[in-house]
1. What aspartates and glutamates could a cross-link reach from LYS36, if we take a straight Cα to Cα line under 18 Å and drop same-chain neighbours fewer than 8 places away?
2. If contacts are Cα pairs under 8 angstrom and at least 6 residues apart, what is the relative contact order of the chain in percent?
3. Regarding the chain, what's the average projected area of the Cα-atom convex hull, expressed in nm²?
4. Tell me the mean residue ellipticity at 222 nm calculated for the chain from its helices only (DSSP H runs of n ≥ 4, each -39500 (n - 2.57), averaged over every residue, nearest 500).
5. Can you check what the net charge comes to around PRO146, using other residues whose Cβ is under 14 Å from the Cβ of PRO146 (Lys, Arg +1; Asp, Glu -1)?
6. Which order do the peptides 155-165, 66-76 take when ranked by the mean count of other beta-carbon atoms within 10 Å per residue, highest first?
7. In whole angstrom, note down how far apart the Cα centers of the range 22-53 and the range 131-169 are.
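Every read-out reported here was derived from the displayed coordinates using simple, explicitly stated rules and does not represent laboratory data. Treat the numbers as computed from the prediction; the structure is a model and nothing was measured. Here the Cβ positions follow ideal geometry from the backbone for every residue, glycine too, while neighbour counts run over all protein chains shown.
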Amino acid sequence: MTYQYDYNAEATGHVIGLRRGYEQGFEAGQVEGWNKAVADWNTEVKTQWEPLVDRLTAERDEAIRARDDLLEQVRHAGQQTTKWHNAFYSLLCALDSAMGVLEHAPQDMRTRMILDLAKRAEYMKDKGWIDSMPQNNSVLRSRARPTADQLQGWWDQVIAHAKKAADRDNNPTP
């Protein structure tokens, strides 16, 4: 017995109907599967990714605010540094002027000035306002070496005169 396919209109219609049914079923299944995958992904995005994105966005915004605060502090520190710079050089100008006058003054006046300077420097050092004698200050030595050297020279002169006076007191002349 041979099985042959009948090529009649009914069989052809049946085959065409099956094919179209498969295509429609495949298409419906594909669309439904796609929609299900998209819905699942959207659910995962809402439950897992959006909180992470929100947290990272908040951290980024906080970091930006912190950076802006630090930049403001740096700007303010720069302004303060400029003010202190100007104040330092204003005082240096006044000090140089006074030292110019004292350079030609009698030794007694310079000695009184150095002794007063020593008392004031000791007081300020005890308060924590300065860290060393003015003539030994590293900033003054780097920015105004002649002024610091002149102060140191007068300091040394006062100490030398004090030593001579102490020696005379210890060795009375007959």
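1. By straight Cα distance, LYS36 reaches GLU27, GLU44.
2. Details: 36 pairs, mean separation 17.8, N = 174.
Dividing the mean separation by the residue count of the chain yields 10 percent.
3. Numbers: hull surface 110.7 nm².
Mean shadow area of the hull around the Cα atoms is 27.7 nm².
4. Numbers: 5 runs with 143 residues, N = 174.
-29500 deg cm²/dmol, from helical runs alone.
5. Values: positive: ARG141, ARG143, ARG145; negative: ASP96, GLU103, ASP149.
Computed value for this residue: 0.
6. Numbers: 155-165: 12.8, 66-76: 10.0.
Order by mean packing, descending: 155-165, 66-76.
7. Here the two parts' Cα centres lie 86 Å apart.
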